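**Student:** Just dropping this structure here.
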Amino acid sequence: MVATTTTDLDLTPYGGVTPDAAWREEVLRLAEERDAVLLAHNYQLPEIQDVAHHTGDSLALSRIAASSTASTIVFCGVHFMAETAKILSPEKTVLIPDERAGCSLADSITAEQLREWKAQHPGAVVVSYVNTTAAVKAETDVCCTSSNAVDVVRSIPEDREVLFCPDQFLGAHVKRVTGRENLHIWAGECHVHAGINGPELAEKAAANPDADLFIHPECGCATSALYLAGEGAVPADQVKILSTGDMLTAARSTNASSVLVATEVGMLHQLRRAAPEIDFRAVNDRASCRYMKMITPAALLRCLREGLDEVTVDQETAERGRDAVRRMIAIGQPGGGE
Ligand code: 13P
Ligand code: SF4
């Protein structure tokens with residue numbers, strides 16, 4: 001079973017394991033025994049982030065997965081991330097601790113829908129966010145993450161039409177920054193980020209006038225944040241649209257004593273570790289991704305003990321998607337990771 005859709009599965013996470021010192025020791029011992037590198041996305045549970053060999057944003061983790069010498073990659077994240085690692089390294093064993101960990105954004109476009117869209121725009125360059133299935137990547141010219149989406153679009157000759165999918169808020173951000181009129185945007189969204197809305201942000205910003213605003217470009221409130229800056233409600237230099245990795249870089253260099261964070265709440269753990277003196281607060285503390293949180297201590301232990309769940313991508317799909325993913329990891333800044 002492959003978790004490419006998230007709607008019809010029982011999503012009760014594996015439970016019953018306490019993440020104590022013995023658990024941590026056992027996880028690291030089993031990882032060594034398997035010659036496995038443990039990668040964790042910034043939205044993972046704190047105990048998973050802390051036990052992983054590397055924690056970072058989508059771009060940084062893709063790059064680490066591609067360059068690692070370990071024969072097994074254990075991807076503590078969601079299914080499309082593990083699939084991306086497998087596309088890049090077909091010779092490696094790629095495991096995800098719970099294959100039901102899908103993504104509502106990846107579900108918002110199918111390969112069939114993308115083919116129909118391409119047929120309406122012959123000759124257009126397809127840019128897909130990495131939050132897509134392998135089948136969608138196989139229909140894509142170049143993938144991007146939130147940290148290099150602008151650079152990826154800028155790398156395309158200006159006279160070429162661009163189809164950008166599936167995230168409408170990231171697409172709007174890229175269009176705003178590049179000023180590109182021939183960029184068409186698919187109307188997909190991540191249910192967690194779309195739910196972080198403008199009125200909520202405006203209220204929190206008014207109550208914390210000195211706080212920096214760190215906003216992930218997938219958020220429903222990204223446009224509102226720039227509107228607040230444009231209206232002078234918040235000084236423009238306090239509004240920062242950032243990928244999760246870039247939030248960490250910004251946390252290390254800001255002079256602000258408090259920061260309002262608009263993204264999935266798992267991010268707060270890395271931010272507080274990076275800058276313990278700063279008061280980081282969630283714009284919406286209910287913004288938790290249930291798929292990311294399916295990678296529990298019990299799931300990770302099961303994964304390492306039993307070699308489950310293994311992620312596979314059929315050869316033809318992987319071959320067709322590989323160039324798009326390789327272009328993604330070649331473009332733009334390093335991506336944020338530790
Ligand atoms: P980044 O780590 O690239 O900012 O991605 C955020 C995200 O929503 C991943 O699902
Ligand atoms: Fe997908 Fe949104 Fe969860 Fe990220 S936070 S994995 S985009 S559902």
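The values are calculated or read from the model by the stated rules, or taken from the named source; none is laboratory data. What you see is a predicted model; the values in this text were computed from it and never measured. Cβ atoms come from the backbone with ideal geometry, glycine included; neighbour counts cover every protein chain shown. For the accessible areas, the whole protein counts, side chains as well, though only heavy atoms, and no ligand, DNA or RNA atoms are used. Shrake-Rupley method; radii C 1.70, N 1.55, O 1.52, S 1.80 Å.
**Student:** How about region 53-62: which of its residues are over 15 Å from residue 267 (Cα atoms) and not in a helix (DSSP H, G or I)?
**Tutor:** Matches in region 53-62: 53 only.
**Student:** So residue 91 passes all but one of these: (1) without any contact (Cβ under 8 Å) to a residue 24 or more places away in the chain; (2) under 17 Å from the mean Cα position of the chain (by Cα). Which condition number does it fail?
**Tutor:** So the condition that residue 91 fails would be (2).
**Student:** Also, quick follow-up: Can you tell me which residue is farthest from residue 150 (Cα to Cα) among those in region 199-230 that are modelled with pLDDT under 90 and open to solvent by less than 30 Å² (accessible area, probe 1.4 Å)?
**Tutor:** 228
**Student:** Sticking with this structure for a sec: Does region 265-298 hold any residues that are among the small types (Gly, Ala, Ser) and touching a strand residue (DSSP E or B) at 6+ places or on another chain (Cβ under 9 Å), and which are they?
**Tutor:** Passing the criteria: 266, 275, 282, 287.
**Student:** So which residues in region 153-198 are among the acidic types (Asp, Glu), open to solvent by 40 Å² or more (accessible area, probe 1.4 Å) and within 11 Å of ligand 2 (Cβ to nearest atom)?
**Tutor:** The initial filter retains those residues of region 153-198 that are among the acidic types (Asp, Glu), namely 158-159, 161, 167, 181, 189.
Subsequent filtering for residues that are open to solvent by 40 Å² or more (accessible area, probe 1.4 Å) retains 158-159, 161, 181, 189.
Once the filter is applied, which keeps residues that are among the acidic types (Asp, Glu), open to solvent by 40 Å² or more (accessible area, probe 1.4 Å) and within 11 Å of ligand 2 (Cβ to nearest atom), region 153-198 yields only 189.
**Student:** If you go through region 63-108 one residue at a time, how many are within 12 Å of ligand 2 (Cβ to nearest atom), assigned to a helix (DSSP H, G or I) and out of contact with any strand residue (DSSP E or B) (no Cβ under 7 Å at 6 or more places or on another chain)?
**Tutor:** Counting residues in region 63-108 that are within 12 Å of ligand 2 (Cβ to nearest atom), assigned to a helix (DSSP H, G or I) and out of contact with any strand residue (DSSP E or B) (no Cβ under 7 Å at 6 or more places or on another chain) gives 4.
**Student:** Output the residues belonging to region 18-29 that are open to solvent by 10 Å² or more (accessible area, probe 1.4 Å) and either in contact (Cβ under 8 Å) with a residue 12 or more places away in the chain or of a type in the set (A, V, I, L, M, F, W, C) (or both).
**Tutor:** 18, 19, 21, 22, 23, 24, 26, 28
**Student:** Next question. Could you pull out the residue among 119, 138, 124, 194 that is among the aliphatic types (A, V, I, L, M) and under 22 Å from residue 311 (Cβ atoms)?
**Tutor:** After ruling out the rest, the residue left standing is 138.
**Student:** Right, another one. Among the numbered conditions (1) small (Gly, Ala, Ser); (2) touching a helix residue (DSSP H, G or I) at 6+ places or on another chain (Cβ under 8 Å); (3) away from ligand 1 (no atom under 16 Å from the Cβ); (4) within 27 Å of residue 157 (Cβ to Cβ), tell me where residue 188 comes up short.
**Tutor:** (3)
**Student:** Considering only region 103-117, how many residues are open to solvent by 10 Å² or more (accessible area, probe 1.4 Å), within 16 Å of ligand 1 (Cβ to nearest atom) and within 11 Å of residue 186 (Cβ to Cβ)?
**Tutor:** Residues in region 103-117 being open to solvent by 10 Å² or more (accessible area, probe 1.4 Å), within 16 Å of ligand 1 (Cβ to nearest atom) and within 11 Å of residue 186 (Cβ to Cβ): 1 in total.
**Student:** In region 82-102, which residues are open to solvent by less than 20 Å² (accessible area, probe 1.4 Å) and under 13 Å from residue 294 (Cβ atoms)?
**Tutor:** Those that are open to solvent by less than 20 Å² (accessible area, probe 1.4 Å) and under 13 Å from residue 294 (Cβ atoms): 82, 96, 97, 98, 101, 102.
**Student:** OK, next. Just the residues that are within 16 Å of ligand 2 (Cβ to nearest atom) and at pLDDT 95 or above, please, taken from region 131-148.
**Tutor:** Of everything in region 131-148, those that are within 16 Å of ligand 2 (Cβ to nearest atom) and at pLDDT 95 or above turn out to be 131, 132, 133, 134, 136, 137, 143, 144.
**Student:** Continuing with the same structure: Going residue by residue through region 28-40, is there one that turns out to be part of a loop (DSSP other than H, G, I, E, B) and either within 16 Å of ligand 2 (Cβ to nearest atom) or touching a Pro at 6+ places or on another chain (Cβ under 9 Å) (or both)?
**Tutor:** no
**Student:** Residue check: is residue 120 open to solvent by 30 Å² or more (accessible area, probe 1.4 Å), polar (S, T, N, Q), within 15 Å of ligand 2 (Cβ to nearest atom) and farther than 25 Å from residue 63 by Cβ? Even if it seems obvious, please write down each step before you answer.
**Tutor:** On the way: open to solvent by 30 Å² or more (accessible area, probe 1.4 Å): yes; polar (S, T, N, Q): yes; within 15 Å of ligand 2 (Cβ to nearest atom): no; farther than 25 Å from residue 63 by Cβ: yes.
Answer is no for this residue.
**Student:** Okay, moving on. With region 235-338 as the region, which strands (runs of 3 or more DSSP E) entirely inside it contain at least 1 residues that are open to solvent by 40 Å² or more (accessible area, probe 1.4 Å) and among the aliphatic types (A, V, I, L, M)?
**Tutor:** Working: elements: 239-241, 258-262, 279-282.
Ranges flagged: none.
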